[in-house]
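*Asks:* Just passing along the structure, written as structure tokens.
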Amino acid sequence: MSGVVDKGDEDDRVFKALASPARRRMLDALKESAHTTGSLCAALADLDRTTVLQHLRVLEGAGLVTGRRVGRERHLALAPMPIKRIYERWISDYMRAAVDLLDRLDAD
């Protein structure tokens, strides 16, 4: 079964990545727009470049950030699928229940 990834392991990596306020700030910046590594470091001026790169490795390992090389630059973007997977697993049922409740209240 090598090569098979346990969805629980993937979710563990996502939750670990989201546990850090600095990594959440990085995701917020990437949600606004794609960044190069340099522009992300500039946006997080209170963190040194090495710290930003360490956090990026965790975010990429969780699948929350993608990076691609363009010449000498590395372009980073938010990858929303891991968050969508968590939403569908734990949150979507509550949202449906809330919408159903609002429908019932509106009908009364």
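*Asks:* Looking only at region 44-52, decide whether some residue is surrounded by 10 or more Cβ atoms within 10 Å (Cβ to Cβ), β-branched (V, I, T), at pLDDT 95 or above and more than 19 Å from D9 (Cα to Cα).
*Replies:* yes
*Asks:* Looking at region 9-27, is at least one residue modelled with pLDDT of 95 or more, among the acidic types (D, E), surrounded by 11 or more Cβ atoms within 10 Å (Cβ to Cβ) and under 13 Å from the mean Cα position of the chain (by Cα)?
*Replies:* No, region 9-27 contains no residue that is modelled with pLDDT of 95 or more, among the acidic types (D, E), surrounded by 11 or more Cβ atoms within 10 Å (Cβ to Cβ) and under 13 Å from the mean Cα position of the chain (by Cα).
*Asks:* Here is a follow-up. Would region 71-86 turn up any residue that is farther than 24 Å from G8 by Cα, part of a helix (DSSP H, G or I) and of a type outside the set (F, W, Y)?
*Replies:* No, there is no match, as no residue in region 71-86 is farther than 24 Å from G8 by Cα, part of a helix (DSSP H, G or I) and of a type outside the set (F, W, Y).
*Asks:* Do any residues in region 32-57 that are in contact (Cβ under 8 Å) with a residue 12 or more places away in the chain and of a type outside the set (V, I, T) have Cβ atoms under 7 Å from those of residues that are part of a strand (DSSP E or B) and surrounded by 13 or more Cβ atoms within 10 Å (Cβ to Cβ), where the two are at least six apart or on different chains, and which pairs are they?
*Replies:* A34/H75; A34/L76; A34/A77; H35/L76; L40/L76; A43/H35; L56/V65
The values are calculated or read from the model by the stated rules, or taken from the named source; none is laboratory data. Every value quoted in this text rests on a predicted model; they were computed, and no experiment measured them. Neighbour counts are summed over all protein chains in view; Cβ atoms, including those assigned to glycine, are modelled from backbone coordinates with ideal geometry.
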